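Below: one structure, written as structure tokens.
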Amino acid sequence: MRKERFWLLLLAIIIAIVSGALVGQLVEFFFPTGVVKLFFTRGVEFGIETVTVDLVALKLTFGLMLKFNVISLIFTIIVIYYFKWWVR
């Protein structure tokens with residue numbers, strides 16, 4: 001049971017980061033240019049850079065990048081705070 005909770009928490013945190021980045025993109029689209037827009041939309045990207053494997057007949061590309069901004073941080077804190085009520 002404990003192992004399942006760990007994976008569920010990890011999945012919830014990843015979903016929070018991705019949804020926070022999505023909301024950050026919406027904020028970037030709707031907010032006027034200024035300090036507030038810059039504060040909410042500036043972020044850090046981390047992950048695995050793209051790696052391409054060329055096998056002549058088949059070309060594979062792998063990679064995963066997550067954009068983490070202030071809204072993602074807020075979403076992640078909310079997920080961690082409420083996680084104990086989500087999983088019982």
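Just so it is clear, none of the values below were taken in a lab; they were calculated from the coordinates. Remember, it's a predicted structure, so these values are computed and weren't measured experimentally.
Okay, here's what the table says:
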| quantity | calculated |
| --- | --- |
| Taking all pairs of distinct alpha-carbon atoms in the chain, Kirkwood radius in angstrom | 15.1 Å |
| Karplus-derived HN-Hα couplings along the range 70-81 (A = 6.51, B = -1.76, C = 1.60, θ = phi - 60°), whole Hz, x at Gly and Pro | 4, 5, 4, 4, 4, 4, 5, 4, 4, 4, 5, 5 |
| Relative contact order for the chain, counting Cα pairs under 8 Å that sit 6 or more residues apart, in percent | 37 percent |
